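This report refers to the structure that appears directly beneath it.
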Amino acid sequence: MISEDLSRIEGPNLILRLIQPDDAGYVYTLRSDPTYNRYLSEISGNADNQRQWIESYKKREAELRELYYVIKRKNGVRCGLVRLYNIDAESFTWGSWILDHNKTRNAALESMFLVCFVAFDKLGLLRAHADVRHGNARSLAFHTRFGATKTHETEKDVYFTYPNTRYYTDRARYLAILDGKQEA
């Protein structure tokens, strides 16, 4: 069962809130928009199908096998999505990461920071994994810039790992950036 402290995670500028079936329209809009979905797995159907997927996902959430968050600004405006999946005793994969036009200036850094906070501080995991499509230059640069290590690649994806030790080493600097006390 999900504890209350995982249902809503608050950062300096953003909030992660566990996804609900009522978010299906928002998810479908983002996942079907070519501006945002170029590097994500393809979806089919409509918002009702997305609602059904979210309802079935809730079982995996309850078992702490997967956590799917809506990213919101402090004023309540939704600005993205992010998912932790393949959660096991030591690691997780993060993905389904979309930031829309409502994002804050440092939304990428803050959403990454909050995902790591959930995984490392709350769940006690040791490392994060990510797979990024070759053409997604911004995401590839982001993972490299913030200390993820490339482990391998396929024709389609580049795979990264990010250890909790790196997160703990860099956490104070990330918070200073997010609080506006230091440049990125």
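Since every read-out is calculated from the coordinates, none of them should be taken as a lab result. No experiment lies behind these values; they were computed from the predicted model shown. Note that we place each Cβ from the backbone using ideal geometry, even for glycine, and neighbour counts take in every protein chain shown.
Structure data summary
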item	result
Residue-wise HN-Hα coupling along segment 71-79, computed from phi with Karplus coefficients 6.51, -1.76, 1.60 (Hz; x: Gly, Pro)	9, 10, 6, 4, 7, x, 6, 5, 9
Compactness of the chain - radius of gyration and Dmax, Cα, Å	15.6, 45
Global geometry of segment 21-120, whether rounded, prolate or oblate, following the gyration tensor of its Cα atoms and the 1.5 cut on a/c	oblate
Contour excess over end-to-end distance, with Cα ends at ASN86 and ARG173 and 0.36 nm allotted per residue	28.5 nm
Cα-Cα over 28 Å, subset of LYS58/LYS122; LYS156/LYS181; LYS72/LYS156	LYS156/LYS181; LYS72/LYS156
Translational diffusion coefficient (Stokes-Einstein; Kirkwood radius from C-alpha pairs) of segment 70-135 at 10 °C, 1.306 mPa s, in µm²/s	126 µm²/s
Charge context of LYS59, other residues only, Cβ under 13 angstrom, K/R +1, D/E -1	-1
Pairwise centroid distance, computed over Cα atoms, of segment 136-184 with segment 97-123, Å	11 Å
Shape box of segment 83-184 [Cα atoms, principal axes, largest first, Å]	40, 31, 21
Sum of side-chain charges, ASN86 neighbourhood, beta-carbon under 14 Å (Lys, Arg +1; Asp, Glu -1)	-2
DSSP beta bridge pairing in segment 23-136, given as percent antiparallel to the nearest 5	80 percent
